[in-house]
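The structure appears right after this line, and notes come after that.
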Amino acid sequence: MTPKEQRNELLAAQLIKHLNRRNMGAYYCPTGEEAVKKVSELIADGSSVTWGGTMTVRYLGIPDALEKRGTLDVLDRDLAETPEEKLAMYLRAFSVDVYLTSANAISEDGVIVNIDGNGNRVAAITWGPKKVIFVIGLNKVAQTVEAALARVRGTASPINAARFDIKTPCHVDGVCHNCNSPESICNYVHFLRNSPNGRHVVVLVGEDLGY
């Protein structure tokens, strides 16, 4: 085991302890391949499932893996061809059995932090789907909640602004300006501190995933 792998195991163990204390299920998978298998295990046959705007879930190939099972009702939002179809899928997401997403950051004591432009992802995390499964690379762990928010604003948001090619100050120079740009993707700030009904599950992955 390398020093990094050893540190990841120790960090994941601490995170799992804190997430459990916050009434969330939590698992650690050293590799992305193991994470795909774990996510599939957490979804029962016959379940309806969809996902939010997450590079991590797509990068790992989770949608394809779930589709190939042939026993799930997969709502693939990426197949929407018009804004109207996309909106309809966003609304249907609130009634699925399982909603997959990642996180922009997570603090060492288990607070999950996300920032959204449209708000559909954080809305589904908050209410609607029977179960929410987060897939989070350990690269997104920050020491404190404040550091987690700083990571979102200073790292994830500028990268996503570049990915979407939107006209924000952070796209120009890579630095958060706390702007009120019309195209801002930092409109909804969400902190998940506890899962009051236990509907949130976190799969931690010992790889650098997403932004």
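The values are calculated or read from the model by the stated rules, or taken from the named source; none is laboratory data. The model shown is predicted, which means the values in this text are computed figures rather than measured ones. FYI the Cβ positions are ideal-geometry reconstructions off the backbone, even for glycines, and counts take in every protein chain you see. Heavy atoms of the whole protein, side chains included, go into the accessibility calculation; ligands, DNA and RNA do not. Shrake-Rupley method; radii C 1.70, N 1.55, O 1.52, S 1.80 Å.
Couple of notes before you dig in:
- Using the Cβ-Cβ distance between ASN23 and GLU146 with R0 set to 35 Å, the FRET efficiency from 1/(1 + (r/R0)^6) comes to roughly 0.95.
- Of the chymotrypsin sites (Phe, Trp or Tyr not before Pro) found in the range 63-156, the ones in coil according to DSSP and having at most 16 other Cβ atoms within 10 Å of their Cβ are TRP127.
- Label point at MET1 placed 7 Å out along Cα→Cβ; residues across the range 30-48 whose backbone nitrogen lies under 13 Å: 30
- Extension reserve of the TRP127-ARG69 stretch, reckoned as 0.36 nm per residue once the Cα distance is removed: 18.2 nm
- Accessible-area value, ASP73, 1.4 Å probe, nucleic acids and ligands omitted, Å²: 90
- Surface accessible to a 1.4 Å probe, per residue, for the residues of the chain, Å²: 50
- Within a Gaussian network of the chain (alpha carbon springs, distance under 10 Å), most fluctuating of GLU108, GLU34, GLU81: GLU81
- Applied to the range 201-211, the Karplus parametrisation 6.51 cos²θ - 1.76 cosθ + 1.60 on θ = phi - 60° returns per-residue 3J(HN,Hα) values of 10, 10, 10, 8, 10, x, 9, 7, 10, x, 10 Hz, with x for Gly and Pro.
- Paramagnetic label zone (point 7 Å from Cα along Cα-to-C-beta, ARG163; backbone N under 13 Å) in the range 111-131: 115-117
- Contact order for the chain, expressed relative to its length and based on alpha carbon pairs under 8 Å spaced 6+ residues apart, stands at 29 percent.
- Among the protein heavy atoms of the chain, carbon and sulfur supply 52% of the accessible surface, probe 1.4 Å, non-protein parts ignored.
- For ALA105, the residues whose amide H sits under 5 Å from its own are VAL113, ignoring neighbours fewer than 5 places away on the same chain, with H placed 1.01 Å from N.
- Each of the trypsin sites (Lys or Arg not before Pro) that DSSP puts in a loop and that has at most 15 other Cβ atoms within 10 Å breaks the chain; the longest unbroken stretch is 1-129.
- With helices as the sole contributors, the chain gives -10500 deg cm²/dmol at 222 nm; each DSSP H run of n ≥ 4 counts as -39500 (n - 2.57), and the sum is divided by every residue.
- In summary, the convex hull built on the alpha carbon positions of the range 1-104 has an orientation-averaged projected area of 7.8 nm².
- A viscosity of 1.306 mPa s and a temperature of 10 °C, combined with the Kirkwood radius over Cα pairs in Stokes-Einstein, give a translational diffusion coefficient for the range 127-211 of 109 µm²/s.
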